[in-house]
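What follows is one structure encoded as structure tokens, with my remarks underneath.
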Amino acid sequence: MMELLGENPFKVNAYYTAARTVELLKEDLGELAGEDQLRHIKGIGSSLAKQIGEILHTGTSQFYQELRAKIPYGLFALTRISGLGPKKISLLHKQLGISDVDRLEEACRKNKLLELPGFGAKTQENILKGIAGLRKYTGQHLFVNVWGLAENLEKELKKHPHVRDALLAGSLRRRKEVVKDIDILVSSDNPEEVAEYFAGLPQVETVVGSGPTKTSVVLHQGIQADLRIVEQGEFPYALHHFTGSQEHNIAMRHRAKKMGLKMNEYGLFDAQGKKIMCQSEKEIFRTLGLDNIPPELRENMGEIEAAEQGKLPCLVELKDIKGVFHIHTVYSDGTASIREMVEETRRRGWNYLGISDHSQSAFYANGLKVEQINKQLAEIDRLNEENPDFTIFKGIEADIRKDGSLDYPDEILAQFDFVIASIHSGFKMTEEEATERLIKAMQNPYTTMLGHPTGRILLGREGYPVSMKAMIEAARDCHVIIELNASPYRLDLDWRWCRYAKELGVKIALNPDAHHLAEFDHMEAGIGAARKGWLEAFDVFNTRPREQVKDYLRLRKGPK
DNA sequence: GCCGTTTTCGGCCCGACTGTTTTCAGTCG
């Protein structure tokens, strides 16, 4: 709103910074405000501390209300139109009285925009395109839906004789669960030809921009892909720059500046403007006094400080995984038999598998009745005898009822080696209700793991509004493992909370939630999220060897 | 509005591309 009103951009930036700081805060905002500690947080000064306090106290602030009164609600939608920023929106509103998308579209069709200073036929046309784009695409895509397309583009580019190096950068390289576009970086001695080749690839629907170093296209799937072309010697600097994140880059350039250096996508320069030669990102970090920061961590969430102090985590890798929990079979809503799932697990080099079909209240998923449980447990016993070098753990994904209880009596739960407690229905809860429901489920002595703790579906539905802090602390108190559901549609626990769990010593189980043989692939997405969450092999439960897991589950079982 | 081995005032990351403009503002990442 301040931007739309033409407020000082540095002041606006201060609000952005403070907002991000608050969002990332693990401490309780209310407590900090109560103890008058807000002002001591970097990025929050006396004015913002006062306003935050006011919002906590009254639910809003006078300043916010004043801003809201000046700006019609529809104007916010205009900010989502590509090519329209605060200046142009403000002008449209002031000069033409435009305050929503429909009226803007109408004005474009009547050529009204041509009268405005700084507007021309091209601008008007682009705004119409932007409106069409806004209606057609959400502009957000699941990592899993984009990765393959991006890899194909990378492969096509590598085929070109004038392309030296080509790598995916941006949020894909950082393994963000949801991405906006594809960023590809190449080095070449003939950028014009490579740019032309890229724009002409069959995957490309339209070219939205093209210059000597940058070409942007939209693919048939509606996903934008940006190609940056640099010289070979610029590649490491450019790779760092285009991997981002924006926030990480800003912090890095800030650091460089404080050291008397200048940093951009073409290089690192000393005070005299002389280039400091680096062969790799690692050398760039070293020059700035930092350990090598893996792409997944580059979100300016403490990685630079950790790199400075030599305290970066040694991130978990797929090869650290020894076995998996949380898979479904034909007994409930899976498509493969237990035997098939076991064979697939072995094929992937793992030597234990935790079966957890749905429980009886999950009608929609053909949840297991007591007789079926007995049948399944007997089958598992037979298969375990057949495979002495492999262990199938007997489990269940038990529904958490509205009151926080699990949907089998204790004597049934006692038959399993492990119990995953999950919410699958009754999503409409207040934060207090959801948190209490989850905590109660974790207090059940038979609960080993908490399944997909918020129930979110990425780009699909919000999770129930649970207090993550209270939930993780309860997991610590109840000795419950929290699942990081590795399905690329869930990735729940969110990676942003993994670090807190790790700090409290709460173990995370990286669970594929596989319903088909192919869904063991989910583990790759899960590893990406776990790495973003700073998790090391030690923090992930299923990096433990089979015997340790056996011992843990045996000791953990039953009433404490 | 925030911050300080450059400072309590004067800065605040850096560059590409577009379109409208006759040298640059706006937008984007």
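The values are calculated or read from the model by the stated rules, or taken from the named source; none is laboratory data. Since we're looking at a predicted model, the values are computed, not measured. For neighbour counting, all protein chains shown are included, and Cβ atoms are generated from backbone atoms with ideal geometry for every residue, glycine included. These area figures cover heavy atoms from the full protein model, side chains too; ligands, DNA and RNA do not enter into them. Shrake-Rupley method; radii C 1.70, N 1.55, O 1.52, S 1.80 Å.
Of all the accessible heavy-atom surface of the stretch A:1-71, with the other protein chains kept in place and a 1.4 Å probe, what percent is carbon and sulfur?
Working: 2530 of 4770 Å².
So the carbon and sulfur contribution to the accessible surface is 53 percent.
Which one of A:M301, A:F269, A:I250 has its Cα pushed farthest toward the positive end of the charge dipole of the stretch A:235-308, where Lys and Arg give +1 and Asp and Glu give -1 at the Cβ?
A:F269
If each of A:D333 and A:E35 carries a label point 7 Å out from its Cα toward its Cβ, how far apart are those two points in nm?
4.4
What is the antiparallel percent of DSSP beta bridges lying wholly in chain A, to the nearest 5? Write out the running numbers ahead of the final one.
Values: 25 of 56 bridges.
In chain A, approximately 45 percent of DSSP beta bridges are antiparallel ones.
Once the dipole of chain A is set up with Lys and Arg at +1 and Asp and Glu at -1 on Cβ about the Cα centre, which of A:H220, A:V324, A:L491 lies farthest towards its positive end?
A:H220
Run the reach check for A:K375 against lysines, Cα to Cα strictly under 26 Å, same-chain hits fewer than 8 apart removed. What comes back?
A:K394, A:K550, A:K557
For the stretch A:1-71, what is the accessible area per residue in Å² when the probe is 1.4 Å? Please report the intermediate quantities before stating the final value.
Numbers: 4770 Å² over 71 residues.
Computed with neighbouring chains in place, this is 67 Å² per residue.
So if each residue of separation counts as 0.36 nm, and I subtract the Cα-Cα distance between A:F538 and A:K469, what length gain in nm does that give?
On the way: separation 69, 0.36 × 69 = 24.84 nm, distance 2.13 nm.
Taking A:F538 through A:K469 to full extension adds about 22.7 nm, to one decimal.
Can you work out the Karplus-derived ³J(HN,Hα) for every residue in the stretch A:538-547? Use 6.51 cos²θ - 1.76 cosθ + 1.60 with θ = phi - 60°, whole Hz, and x for glycine or proline.
4, 7, 9, 4, 7, 8, 6, x, 3, 4
Post the alpha-carbon centroid distance, the stretch A:272-293 to the stretch A:99-147, in whole angstrom.
Answer, in whole Å: 41.
Report the full-extension gain for the segment A:K369 to A:R80: residue separation times 0.36 nm, less the Cα-Cα distance, to one decimal in nm.
Here the segment from A:K369 to A:R80 would lengthen by 99.1 nm.
When the dipole is taken about the Cα centre of the stretch A:1-71, and only Lys, Arg (+1) and Asp, Glu (-1) are charged at their Cβ, what size is it in debye, to the nearest 20? Don't skip to the answer; put the middle values down first.
Values: 8 positive and 10 negative charges, 54 e Å.
Using only the charged Cβ atoms, the result is roughly 260 debye.
When only C-alpha pairs under 8 Å and at least 6 residues apart count, what is the relative contact order of the stretch A:276-380, in percent?
Working: 106 pairs, mean separation 19.8, N = 105.
The normalised contact order for the stretch A:276-380 reaches 19 percent.
Between A:G334 and residues 5 or more places away or on another chain, which pairs have amide H atoms under 5 Å apart, with H built 1.01 Å from N, and which residues are they?
Amide H neighbours of A:G334, under 5 Å, 5+ apart: A:T329.
For the stretch A:384-389, what does the Karplus curve 6.51 cos²θ - 1.76 cosθ + 1.60, with θ = phi - 60°, yield as ³J(HN,Hα) per residue in whole Hz, taken in order and with x for Gly and Pro?
Per residue, the Karplus-derived 3J(HN,Hα) values read 5, 5, 5, 10, x, 8 Hz.
Largest first, how would A:Y364, A:Y446, A:Y64, A:Y464 line up by accessible area (1.4 Å probe)?
The residues order as A:Y364, A:Y64, A:Y446, A:Y464, largest area first.
Using modelled amide H (1.01 Å from N, peptide plane; none on Pro or chain starts), what sits under 5 Å from the amide H of A:G367, excluding residues fewer than 5 places away?
Counting only residues 5 or more places away or on other chains, the set is A:A362.
So what does the Cα-only Debye profile of chain A read at q = 0.08 Å⁻¹, as log10 I(q)/I(0), no solvent term?
Here the Debye-derived log intensity ratios amount to -0.67.
Relative to the present Cα-Cα distance, how much length would full extension add between A:R347 and A:K155 at 0.36 nm per residue of separation? Intermediate results must be reported in sequence, preceding the final value.
Working: separation 192, 0.36 × 192 = 69.12 nm, distance 2.79 nm.
Length difference between fully extended and current span is 66.3 nm.
What ranking of A:H358, A:H254 comes out by heavy-atom accessible area, probe 1.4 Å, highest first? It would help to have the intermediate numbers written out before the result.
On the way: A:H358 10, A:H254 115 Å².
Solvent-accessible surface, decreasing: A:H254, A:H358.
Highest first, please rank the peptides A:466-478, A:527-539 by the mean number of other Cβ atoms sitting within 10 Å of their residues. The partial results should precede the final answer.
Numbers: A:466-478: 18.9, A:527-539: 23.1.
Answer by packing, highest mean first, reads A:527-539, A:466-478.
Compare A:Y500, A:Y73 by solvent-accessible area with a 1.4 Å probe and give them largest first, with all protein chains kept in place. Numbers along the way, then the final one.
Numbers: A:Y500 30, A:Y73 160 Å².
From most exposed to least exposed: A:Y73, A:Y500.
Output the pairs from A:K158/A:K257; A:K155/A:K282; A:K180/A:K469; A:K214/A:K311; A:K136/A:K532 with a Cα-Cα distance over 27 Å in this structure; if there are none, say none. Don't skip to the end; give the middle numbers.
Values: A:K158/A:K257 35 Å; A:K155/A:K282 25 Å; A:K180/A:K469 29 Å; A:K214/A:K311 36 Å; A:K136/A:K532 31 Å.
Exceeds cut-off: A:K158/A:K257; A:K180/A:K469; A:K214/A:K311; A:K136/A:K532.
What is the local net charge at A:Q309, summed over the other residues whose Cβ is closer than 13 Å to its Cβ (Lys, Arg +1; Asp, Glu -1)? Can you show the working numbers first?
On the way: positive: A:K311; negative: A:D291, A:E303, A:E305, A:E308.
Residues close to A:Q309 contribute a combined charge of -3.
Relative to the Cα centre, what is the charge dipole magnitude of the stretch A:320-418, using +1 at the beta carbon of each Lys and Arg, -1 at the beta carbon of each Asp and Glu, and rounding to the nearest 20 debye?
Details: 11 positive and 19 negative charges, 41 e Å.
Value, rounded to 20: 200 debye.
Probe of 1.4 angstrom, ligands and nucleic acids ignored: what's the accessible area per residue over the stretch A:384-525, in square angstrom? Display every interim value, and only then the final one.
Details: 5260 Å² over 142 residues.
For the stretch A:384-525, the solvent-accessible area averages 37 Å² per residue.
How many nm is it between the label spots at A:E231 and A:K122, if each spot is 7 Å from the Cα in line with the beta carbon?
Distance between the two pseudo-spin positions: 2.8 nm.
For the stretch A:242-262 and the stretch A:447-521, what is the separation of their Cα centres, given in Å?
Cα centroid to Cα centroid, the span is 32 Å.
Short version: ³J(HN,Hα) in whole Hz for each residue of the stretch A:271-288, in order, from phi by Karplus 6.51 cos²θ - 1.76 cosθ + 1.60 (θ = phi - 60°), x for Gly and Pro, what are they?
Residue by residue, the stretch A:271-288 yields 4, 7, x, 7, 6, 8, 6, 10, 8, 8, 4, 4, 5, 5, 4, 4, 4, 8 Hz.
What part of the accessible area of the stretch A:368-413, given as a whole %, is carbon or sulfur when the probe is 1.4 angstrom?
Working: 1070 of 2170 Å².
Ligands and nucleic acids excluded, carbon and sulfur reach 49 percent.
Would you mind telling me the share, in percent, of accessible area of the stretch A:73-129 contributed by carbon and sulfur at probe 1.4 angstrom?
On the way: 1660 of 3390 Å².
Whole-percent figure for carbon plus sulfur exposure: 49.
Measuring from label point to label point, each 7 Å out along Cα→Cβ, what is the A:L25 to A:K550 span in nm?
Here the answer is 5.0 nm between the modelled labels.
Farthest toward the dipole's positive end in the stretch A:318-556, which of A:G334, A:I392, A:V480, given Cβ charges of +1 (Lys, Arg) and -1 (Asp, Glu) about the Cα centre?
With unit charges placed on the Cβ atoms, the residue in question is A:V480.
Would you calculate, for chain A, the mean residue ellipticity at 222 nm contributed by helices, counting each DSSP H stretch of 4 or more residues as -39,500 (n - 2.57) and dividing by all residues, to the nearest 500? Mind dumping the intermediate values first?
Numbers: 23 runs with 232 residues, N = 560.
Dividing the helical sum by the residues of chain A leaves -12000 deg cm²/dmol.
Taking the Cβ-Cβ separation of A:Q272 and A:T213 as r and a Förster radius of 25 Å, what is the calculated FRET efficiency to the nearest 0.05?
On the way: r = 25 Å, r/R0 = 1.00.
Approximately 0.50, to the nearest 0.05.
Which value, in debye to the nearest 20, gives the size of the charge dipole of chain A about its Cα centre, when Lys and Arg are +1 and Asp and Glu are -1 at the Cβ? Could you put the intermediate results ahead of the total?
On the way: 75 positive and 81 negative charges, 295 e Å.
Roughly 1420 debye for chain A.
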